[in-house]
Amino acid sequence: GNSVTQMEGPVTLSEEAFLTINCTYTATGYPSLFWYVQYPGEGLQLLLKATKADDKGSNKGFEATYRKETTSFHLEKGSVQVSDSAVYFCALSDRGNKLTFGTGTQLKVEL
Amino acid sequence: DVKVTQSSRYLVKRTGEKVFLECVQDMDHENMFWYRQDPGLGLRLIYFSYDVKMKEKGDIPEGYSVSREKKERFSLILESASTNQTSMYLCASRAPGNNSPLHFGNGTRLTVT
């Protein structure tokens, strides 16, 4: 079956530091890949997506590249801000109607 | 923008009560979902619906049922609430297609005492 594995959190960074949150996946077909963000007290929001190998999704300074050879979709940002503190979820969609989610990675950014 | 609205942000119910969680979406999406979110467990799918009056069990359907009488509305029902159903409940909708993202509501935090 499909699965998504994310790095354990929490990840604590200083403001302006470089961020990487690792995500790897297992899928039977050719999935679409997503990153969602959840700010405190809110639902999940789509951050970015990529639908085929070598695609790069980007939004709000965040980027992730769909790497089929390593089955990865790591989230990166060059300079984080305190306002980026949130929980980040990696997810895949591979046929059918459902998305498979990772367990989430909490990011804390400090001044 | 897609809007998914959950009727309550916070809900406190007693053990044994019947609980209704309501969700409405405004983008004519065929697919709607109910998840629960618990610390350390991520998001777990309870039920989903791919059309009016159609439903499928997700990963953890026990203790829950759903209703989809209209395309825009998807209700989650706890027939007899128990303390282990204290959780954050998230509703989502999605257009057809592998590339379509899920659109989430803001969640309902349910406490069963």
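The values are calculated or read from the model by the stated rules, or taken from the named source; none is laboratory data. Only a predicted model underlies this, so the values are computations on that prediction, with no experimental measurement involved. Don't worry about glycine lacking a Cβ; one is built from the backbone with ideal geometry, like all the others, and counts go over all protein chains shown. With ligands, DNA and RNA removed, areas are computed over all heavy atoms of the protein, side chains included. Shrake-Rupley method; radii C 1.70, N 1.55, O 1.52, S 1.80 Å.
Some observations on this one:
- Counting Cβ atoms of other protein chains within 10 Å of each residue's Cβ and taking the mean over peptide A:98-105 gives 5.
- Phi-based couplings in Hz for region A:17-29 (Karplus 6.51, -1.76, 1.60; Gly and Pro marked x): 6, 7, 10, 9, 10, 7, 9, 10, 9, 10, 8, 7, x
- Legend: mean number of C-beta atoms from other chains within 10 angstrom of residue C-beta atoms, peptide B:93-100, equals 4.
- Pairwise inverse Cα distances across chain A, averaged and inverted, put the Kirkwood hydrodynamic radius at 14.0 Å.
- Heavy-atom accessible surface of chain B, averaged per residue, reaches 49 Å², computed with a 1.4 Å probe.
- Protein accessible area in the protein assembly as shown, 1.4 Å probe - carbon and sulfur %: 47 percent
- Separation between Cα centres of region B:5-76 and region A:27-103, rounded to whole Å: 23 Å
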